[in-house]
């Protein structure tokens with residue numbers, strides 16, 4: 001595959017590395033979507049194998065694709081004054097990262113952008129669309145979203161384990177050590193700063209897509225596999241779809257035999273997305289954007 005290594009910069013002056021797959025087969029002129037932004041999941045990066053694989057398939061179908069690091073890429077990076085990476089992620093900041101990727105594509109002339117995210121990336125694309133009124137986004141595709149829900153986790157079979165890690169994180173915050181790392185095994189085995197664990201997993205349920213997906217105005221396609229049975233995955237896509245099932249441009253697919261990574265099922269995953277995009281009604285040619293969306297003020 002031939003790709004371009006690229007960079008973009010967020011409105012808070014963070015440089016994000018990425019990759020661009022140029023359009024093939026004449027592009028997608030006249031279609032409802034003219035480019036796709038792919039967003040990686042927990043601890044991933046722009047060159048995650050699943051994203052590269054899907055981007056190659058989308059590009060062969062005529063869709064130019066870009067994938068950028070979020071500031072939460074990999075486990076830990078940055079410096080002691082600004083620790084970054086998945087372990088230190090404050091999820092709300094994803095708005096700035098997605099905006100930077102969308103803006104990069106828009107500056108190349110693309111006006112109708114689909115945002116595709118897998119796993120935690122699915123949470124991010126849904127969160128962005130729900131809380132940032134961005135006319136450049138033409139479709140939202142959360143693939144195998146994770147659930148971030150205090151109430152659900154507390155009541156599940158791993159509730160005691162979950163509450164133990166939450167108590168540990170809260171204790172560190174109260175002790176003035178919000179950036180101290182804990183090694184958690186729930187909802188997934190990972191290092192978290194105390195601040196990050198409470199931000200994502202705490203009682204505010206700020207990032208529970210089951211609650212906010214109803215705010216999405218664009219066409220939305222939720223997808224998951226029948227083998228996603230861990231509490232952080234189980235029925236997350238289905239439960240979110242239940243809140244929007246009367247929305248005429250909402251779609252849900254639960255693929256039999258697919259695990260969280262869609263192992264050995266990338267063709268099916270890509271074909272679902274391509275069929276969804278092909279089924280969207282072509283929009284009238286978008287006018288030039290008037291003013292940049294103030295993402296920093298979109299959600300407090």
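Assorted remarks:
- Any pair with Cβ under 9 angstrom, 6 or more apart, that starts in region 14-32 at a residue that is in the same structural domain as residue 275 (by TED's automatic domain parsing) and ends at one that is at pLDDT below 70 and assigned to a loop (DSSP other than H, G, I, E, B): 21/1; 32/283
- Count of region 247-296 residues which are at pLDDT 90 or above and outside any loop (DSSP other than H, G, I, E, B): 19
- Within region 16-42, the set of residues being in a strand (DSSP E or B) and modelled with pLDDT of 95 or more comprises 16, 17, 18, 19, 20, 35, 36, 37, 38, 39.
- Qualifying residue in region 216-227 (condition: assigned by TED's automatic domain parsing to the domain that holds residue 105, more than 17 Å from residue 114 (Cβ to Cβ), surrounded by 19 or more Cβ atoms within 10 Å (Cβ to Cβ) and touching a strand residue (DSSP E or B) at 6+ places or on another chain (Cβ under 8 Å)): yes
- Residues that are surrounded by fewer than 18 Cβ atoms within 10 Å (Cβ to Cβ) and either within 17 Å of residue 267 (Cα to Cα) or in contact with a helix residue (DSSP H, G or I) (Cβ under 8 Å, 6 or more places away or on another chain) (or both) within region 62-81 comprise 62, 74, 75, 76, 78, listed in sequence order.
- With respect to the stated conditions, residue 231 fails to be part of a loop (DSSP other than H, G, I, E, B), out of contact with any strand residue (DSSP E or B) (no Cβ under 8 Å at 6 or more places or on another chain) and without any contact (Cβ under 8 Å) to a residue 60 or more places away in the chain.
- Test: residue in region 39-48 that is without any contact (Cβ under 8 Å) to a residue 24 or more places away in the chain, assigned by TED's automatic domain parsing to the domain that holds residue 272 and farther than 20 Å from residue 136 by Cα: yes
- Taking region 172-193 as the range and being in contact with a strand residue (DSSP E or B) (Cβ under 9 Å, 6 or more places away or on another chain) and closer than 28 Å to residue 132 by Cβ as the test, the residues that pass are 178, 179, 190, 192, 193.
The values are calculated or read from the model by the stated rules, or taken from the named source; none is laboratory data. Quick caveat: nothing in here was measured; it's all calculated off a predicted structure. So basically every Cβ, Gly included, is an ideal-geometry build from the backbone, and we count neighbours across all protein chains shown.
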